[in-house]
Structure formats: C-alpha cells, structure tokens
Amino acid sequence: MADVTRIGVLGAGVMGSGIAQVTATAGYQTVCADIDADARARAEARVVSGRYGLERAVERGKVTRAEADAAAARLTFTGSVEGLAESDLIIEAVPERLALKVAVFRQLDAATPPSTILASNTSGFPIAALAAATECGKRPIVVRDTDTAWGFVANRVYGAMLVEARRVVDQGIASAEDVDQLMVDCFGWPVGPFAMLRGAATGW
C-alpha cells in the first residue's frame, strides 16, 4: 500500500486482533486499540499463542522464527482511540452495532488528520462511502452495495449453510459433532459449522 507504513486497528476482538496480526506480519507498524483491558490482554495472548497465532504459524512453517519475532515487535496495543492518531490507515473492527460504529468513526475523525484512511471490517452495514482497498496478501472482492446487503457474501453463504446444518441435527440425522467432523473429513474445512460458530462467539 503506497504511502501507508503505520496501521491502526480499532477493536481487539477475534477479528480485530487477527487483522492486527496480519498487518504486523505483512511488515506494517501496527497499533490495536480497545478500551477493555481484558480484551487487550486476550488479544495479545491470541496473537502469540492462539490457534492461529504466531507460535503456531512458526510450527506450521508459515513464517520463520525471525519473521514471527519481527511481527510481534511491530504490534502494540493501546487503550485509547487517540493512540491510533499517528496511523496512516485505521481499520474499524468493533462489534456489529451501527450506532457504535458511527460513534467510533466520529471519534476517529476527530482524532486523526484528514489524510488518514478510515476503513471498516463490517460484515453487513452499507459501505457506499468507503473505497475498496487491497492489502496484506488478502483477496478482497468488489461487492455491490444494496439496501439489503446484510452479510455480504461470505457471511450470507455461511448463514445458509448453518441453517441447513441445524436442520440436519434437529431432524435427528446426525449430531452436531458428526456434522462438524464430516465437513472436515469430506471437504477439508479446518473446522465444521458448529465449531466455527463456537469459535466466533468465544474466541478461538
């Protein structure tokens, strides 16, 4: 990303800490902000030793020990929005409540210079005012913004799959554990739909 050297992430939940880990691993100085001290502590632990953290990445050969150490050194945590003020790009990753997102964007607007790029990790609220951007080796797609865009693509498809998985369990065809295992064994998923739901709700 041209002219972007410092990235801020607002929100230290599963998504926020994951984004911060990705950007730090990609070589960007990264600050992750969350007013909740416990959330920050969990995020730091998740980045280092979580299921998809840096230690596991080294074990799986995804990054070298030196690369993991360098990524960890580039990532810091703060308890205030103002701690993101020096960022060139800030990615919002707070819970999916529209009023909350509007409030934090107002805070970010007040705390940052006009040149700062403000982006959102929302999975469903309209984002017509935000430009699409590529970064950190991820593969974004262009999604048409509509009045009924809730869930966009991935969450919409996942939601439909989860409805059908629950129907299978409710009809007594298979247990939730069986469904999870079949999706892992038959389709190569890292986890099944119910395990994915638990992980998203409780933190991987």
Considering only residues that are loosely packed, with under 12 Cβ neighbours inside 10 Å and either on the phi < 0 side of the Ramachandran plot or assigned to a helix (DSSP H, G or I) (or both), which ones fall in region 179-188? Asp185, Cys186, Phe187
When the residues of region 85-94 are narrowed to those that are under 17 Å from the mean Cα position of the chain (by Cα) and within 22 Å of Leu54 (Cβ to Cβ), which ends up surrounded by the fewest Cβ atoms within 10 Å (Cβ to Cβ)? Leu89
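What number of residues in region 165-178 are surrounded by 12 or more Cβ atoms within 10 Å (Cβ to Cβ) and more than 14 Å from Met196 (Cβ to Cβ)?
Let us first name the residues in region 165-178 that are surrounded by 12 or more Cβ atoms within 10 Å (Cβ to Cβ), namely 165-166, 168-169, 174-178.
Checking the rest, the ones that are also more than 14 Å from Met196 (Cβ to Cβ) come to 168-169, 174-175, 178.
Total meeting the criteria: 5.
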Given (1) modelled with pLDDT of 90 or more; (2) assigned to a loop (DSSP other than H, G, I, E, B); (3) in contact with a helix residue (DSSP H, G or I) (Cβ under 7 Å, 6 or more places away or on another chain), Ile173 misses just (3)
Only one residue in Ala99, Ala111, Ala103, Ala128 is within 24 Å of Ala39 (Cβ to Cβ), over 18 Å from the mean Cα position of the chain (by Cα) and at pLDDT below 80, so which one is that? Ala99
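One line per residue, one yes/no per condition, for (1) in contact with a Phe, Trp or Tyr (Cβ under 6 Å, 6 or more places away or on another chain); (2) touching a residue at least 60 places away in the same chain (Cβ under 8 Å); (3) more than 19 Å from Ser123 (Cα to Cα):
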site	(1), (2), (3)
Gly13	no, yes, no
Gly16	no, yes, no
Ala20	no, no, no
Gly27	no, no, yes
Ser49	no, no, yes
Val58	no, no, yes
Ala66	no, no, yes
Thr76	no, no, yes
Leu108	no, yes, yes
Scanning region 30-82 for residues that are touching a strand residue (DSSP E or B) at 6+ places or on another chain (Cβ under 7 Å) and assigned to a helix (DSSP H, G or I), the one surrounded by the most Cβ atoms within 10 Å (Cβ to Cβ) turns out to be Ala43
In region 86-119, which residues are of a type in the set (D, E, K, R) and within 20 Å of Gln29 (Cα to Cα)? Glu86, Asp88, Glu92
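The values are calculated or read from the model by the stated rules, or taken from the named source; none is laboratory data. The structure presented is a predicted model; accordingly, all values stated were derived computationally and were not measured. Cβ coordinates were reconstructed from backbone atoms using ideal geometry, including for glycine residues, and neighbour counts include every protein chain displayed.
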